[in-house]
Structure formats: structure tokens, C-alpha cells
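Data first, discussion second: the structure below is written as C-alpha cells.
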Amino acid sequence: MPAPESSLFDAIVVGAGAAGLFCAGQAGQRGLKVLLVDHAEKVAEKVRISGGGRCNFTNRDLDPRAPQKHFLGDNPNFCRSALARYTPTDFIALVARHGIAHHEKHKGQLFGDHSSDDFIRMLLAECAAGGVTHWQPCQVARVDHRDGQYVLQTSRGEARAASLVIATGGLSIPKIGATDFGYRIARQFDLPVVATRPALVPLTFDGDAWAPFAGLAGLALPVRIETGEKKARMAFDEDLLFTHRGLSGPAVLQISSYWKEGTPIRVDLAPGVDIAQQLLQAKSRSRKLIANELAAWVPSRLADAWVQQDPAWQRPVNEAADKALLQLAQKLSKWELVPTGSEGYRKAEVTAGGVDTKALSSQTLEAKTQPGLYFIGEVVDVTGWLGGYNFQWAWASAHACAQALSRSSSGPG
Ligand SMILES: Cc1cc2nc3c(=O)[nH]c(=O)nc-3n(C[C@H](O)[C@H](O)[C@H](O)COP(=O)(O)OP(=O)(O)OC[C@H]3O[C@@H](n4cnc5c(N)ncnc54)[C@H](O)[C@@H]3O)c2cc1C
């Protein structure tokens, strides 16, 4: 028996997050009959909580010709085509057309002036303009590929389409709807998945070793942070935040994406200051405690905690041995520490790894060996830096896919 008209679509998009909503709207506006399905109660929960509730929706510094600068993955160049065809300027123009006021904060990061809800309303309006059918909440129990069609058994009945777009994101923040659905579908169709791990995530440290710093929770300061050796070395100049269990803040979130378990991170707590020279000079003119001298360059709470590590540092600077001052300076500018782990998917902003880009077309995001099956957004092994890069990948990959859908589904040619 042929499927009822109401359940037959040109394309089904699973996942009504950033990438899924944008793709569905774009494809609908190109004349496709699109169904958008999501199991959660609300759409785009990650857009809602993004950027501290203001959505850091893109980044002006993104260079599509050199995506490896701001994106990680087994092949960081994979995202070049999609990013070049839908740029931050394109998305900024869309935001402007919807009258959403925004501003640039730091290092090219663009945020809404009011609330992330403005962006969710915009994405829903784009879907409405494309006549997208929206089933939510709706569970997808099973996906089959039969006679050139994807057949989905859902809690709202069966749906069929020649094209299936997986936009179910990564594993981070399961409590607002993240699942491994996309990876399971990839495996079902024999597509490889690069091992996943939490990224843009706070790092944690062993309880005893962390004890001297646990009292610093809440303290933030600008640092230079790095990890890796030689060609694999990565460094960021950003703010560091002490937490009860370890370190967070933009510096640590950024470096966490590059950090490999069991290896150290190195932190310069007073970047741009020659602490050794400053302390040796202070020795000839000051009788202040070393901690008080240090407080000229780092927050005093940190200075007080820092000197607790060695009795030789708990005295007036003029009474300290040169060697002790040099050791203190060395440790402060090259604080080397090995995280025991991270806060995991519970707190990670993104998931690194995902559907292997080798299996996908960089032009269309279609699986090379499975016609009509597409993967977009975070479910793919493309991970951006903090600062709007992950959303720009969601918009750009959704756009590339929507263009391909309209071509492949609108008849011959
Ligand atoms: C706290 C936080 C703040 C962030 N801030 C920013 C920021 O300011 N700027 C930035 O660029 N990036 C930010 N990110 C990252 C960004 O939110 C994601 O990279 C982006 O949302 C990925 O888009 P996506 O559409 O691929 O996935 P998501 O937006 O995660 O959407 C996936 C959708 O799929 C649905 N889904 C999952 N499983 C199933 C299933 N089994 N069946 C049906 N539906 C399913 C989910 O309910 C969800 O609606 C932040 C992330 C977090 C967690």
C-alpha cells in the first residue's frame, strides 16, 4: 500500500537544534516538502543556553581559507567548502534582516544584545517561511532504507523521504536532550565514527594535589596557557577561572579541546611580566612579604596561596635567597600540571570526534556510500574553538546540505 500523502516528504531532518532548524528552513524555502523531527520538548535548547543566554552566533575572525586555525578534527580542512559558501557575513545579514540587535565582544565574537530567544524565533520564522512540517516531541524508533526511501517509524507515525538529514548534535549536556542517535545511524549504514570526547570542558585535578588551590574557587585572571609539544603545541591568551575541582574559564575550555589525557598543561600566570627580574629588583628596595610583592602582578588571593607551596617563599623579599625567588618566578610563569580528567559531557560545550569526514562529501555533507543520507552540525567530526565557531559550522554545514537537497530532490538535473 502506498504511504499516505501526509507522511511523504522530500527530506526529513532529525534534530531541531541550530543546524537542523536552519537546514529545514533553507530547504523548505527552496520548495522542498520538509519534515523536522525532535524528541525534546523544546526546540534548540543549546541555542537558548549558548553564550550565557545571549548566543555567540558567529565569529568575524573565521577564515574559510584556513579553517585549521579555528577548527579541529581528523581533517580540519574538510569544513573549508561549506564555510566558504556560507560565511559569517551571510549569517550576520540574516540576523540583520530579522532585526536582531547584536554586538562584537572579544576576538571577533558576535553576541545578541538581548536574548538567545531572538535567534530561536528567527530560526522558527525561517522554517515557517519554508512551510516546514514540525513533529516535536517525537521519538524516532527505527530508520530503514527501502526502495530508495528512508522510512522512519516515529511516535507520531511513519514518515518517508528520499533524503534523510541527521542533525542530532553531540553528546554534551544530556539533560537537555543530547543522545548518540547520529552515531548509531552512521554505524547502521556502515559509516565510520571517530572516537568522541568532551571538548570545551573544564579540567579537574586530583583532590590532594589540588588542595592548596581549592580555596581559590571563583578567582579569574588573564593567563597564557599551552599544551602539546613541537608541532602539536597549542597556546591561548585568555582568562583562567579557578573552580572547586580544578580549572575553567575560556583559557581552559580552549586548551581542553587539544589536551590529551595523561599529558600536562602549562600556564603562565603573569604573562608579559618578568617576575624573576621584578622580584630580584624588589629584594634591593623592599621589606614586604614576597606574597605582597607578587600581588602587584597577580591577584592577592593567588599570591597568598602560591607562597604556601614553599616555606622559603613565606618571608620578606629582602630576606629571600635569589634561588628561591628564581624558583618561585619559574613556577609561576611555567606552572605545569597534569589534569586527572575533565568535567565530562555533563559540562562540555561540545563533543569532539563524530561521523568521520572521510565518509562524507565536503560539498554536500552526503554520505559517500549511502545516497540521500546527510550529516550536519556537531554530529560530524568538526569541532570549533570557543567564540561562535561551532554555530558558524552548524549554519554553514546546514546551508551546504540544504542546497544539495534542493538539487537532488527537485527532479532531474
Ligand atoms: C552551555 C553551552 C553554550 C554554548 N555556547 C555556544 C556559543 O555561544 N557559540 C557557539 O558557537 N557554540 C556554542 N555552543 C555549542 C553549540 O551549542 C553547538 O555546537 C550547536 O548547538 C550544535 O548544533 P547542532 O544543531 O549540530 O546540535 P544541537 O544544537 O545540539 O541540536 C541537536 C538537536 O537534536 C535533538 N536530538 C538529539 N537526539 C535526538 C534523537 N534521538 N531524536 C530526535 N532528536 C534528537 C536534540 O534535542 C537537539 O534539539 C554551546 C554549547 C553549550 C552546551
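The values are calculated or read from the model by the stated rules, or taken from the named source; none is laboratory data. Please read all numbers here as calculations on a predicted model, not as lab measurements. Quick reminder, even Gly has a Cβ in these numbers, built from the backbone with ideal geometry, and neighbours come from all protein chains shown. Accessible surface areas use protein heavy atoms only, side chains included; no ligands, DNA or RNA. Shrake-Rupley method; radii C 1.70, N 1.55, O 1.52, S 1.80 Å.
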1.4 Å probe accessible area per residue over the chain, in Å²: 43
Give the residue list of trypsin sites (Lys or Arg not before Pro) in the range 233-283 that are DSSP loop and have at most 10 other beta-carbon atoms within 10 angstrom. 260
For all pairs of alpha-carbon atoms in the range 73-123, what percent lies in each bin of width 5 Å, listed from the first bin to the last filled one? 4, 17, 22, 20, 17, 12, 6, 1
Of the accessible area of the chain, with the probe set at 1.4 angstrom, what percent is carbon plus sulfur? 50
For the range 202-343, alpha-carbon Rg over 2.2 N^0.38 Å: 1.05
Need one number: % antiparallel among DSSP beta bridges in the range 9-165, to the nearest 5. 60
For residue 239 paired with residue 340, estimate the spin-label separation in nm (one decimal), with each label point 7 Å from Cα along the Cα-to-Cβ line. 2.8
Within a Cβ distance under 13 Å of residue 124, other residues only, what is the Lys/Arg minus Asp/Glu net charge? -1
In the chain, taking the dipole from +1 charges on Lys and Arg beta carbons and -1 charges on Asp and Glu beta carbons about the Cα centre, the listed residue (275, 37, 360) farthest towards the positive end is 275
Measuring from a point 7 Å past the Cα of residue 176 along Cα-to-C-beta, which residues in the range 44-60 have an amide N at less than 14 Å? 44-57
Where in the range 116-156 does the label zone of residue 103 land, with the point 7 angstrom along Cα→C-beta and an amide N cut-off under 19 Å? 116-119
Could you run the Karplus curve 6.51 cos²θ - 1.76 cosθ + 1.60 with θ = phi - 60° over the range 234-246 and give me ³J(HN,Hα) per residue in whole Hz, x for Gly and Pro? 10, 9, 9, 9, 8, 7, 10, 10, 7, 10, 5, 9, x
Aspartates and glutamates within cross-link reach of residue 323: Cα-Cα under 14 Å, excluding same-chain residues under 8 positions apart? 310
Per residue of the chain, what 222 nm ellipticity follows from adding -39500 (n - 2.57) for every DSSP H run with n ≥ 4, rounded to the nearest 500? -9000 deg cm²/dmol
Rounded to the nearest 20 debye, dipole of the chain from Cβ charges on Lys, Arg, Asp, Glu: 380
How much of the DSSP bridge set in the chain is antiparallel, in percent, rounded to the nearest 5? 75
Report the normalised scattering of the range 100-179 as log10 I(q)/I(0) at q = 0.10, 0.11, 0.13, 0.19 Å⁻¹, calculated by the Debye formula with identical scatterers on the alpha carbons. -0.41, -0.49, -0.66, -1.07
Provide the per-residue ³J(HN,Hα) series for the range 13-19, in order, calculated from phi with Karplus coefficients 6.51, -1.76, 1.60 and θ = phi - 60°, each as a whole number of Hz, with x at glycine and proline positions. 10, 9, x, 9, x, 4, 5
Using the Karplus curve 6.51 cos²θ - 1.76 cosθ + 1.60 with θ = phi - 60°, work out ³J(HN,Hα) for each residue of the range 179-187 in order, rounded to whole Hz, and write x for Gly and Pro. 9, 8, 3, x, 5, 5, 5, 4, 5
What are the extents of the Cα atoms of the chain along their three principal axes, listed from largest to smallest and rounded to whole Å? 92, 42, 36
Express in whole angstrom the spacing between the alpha-carbon centres of the range 164-242 and the range 105-148. 24
When the distances between all Cα atoms of the range 303-359 are binned every 10 Å from zero, what whole-number percent does each bin get? 17, 31, 17, 16, 13, 6, 1
For residue 373, list long-range residues whose amide hydrogen, built 1.01 Å from N in the peptide plane, is under 5 Å from its own amide hydrogen. 164, 367
Listed here are the pairs 107/334; 231/283; 105/175; 230/283; 334/358; which of them are more than 31 Å apart at the Cα? 231/283; 230/283; 334/358
Straight-line reach check, residue 368, cutoff 19 Å on alpha carbons, 8 or more apart in-chain or any other chain, hits among aspartates and glutamates -> 74, 144, 147, 190, 356, 378, 381
With the crude spin-label approximation of a point 7 Å out along Cα→Cβ, what separation in nm comes out for residue 155 versus residue 141? 1.2
Which residue fluctuates the most in the chain, going by a Gaussian network model with Cα springs under 10 Å, if the choices are 225, 49, 185? 49
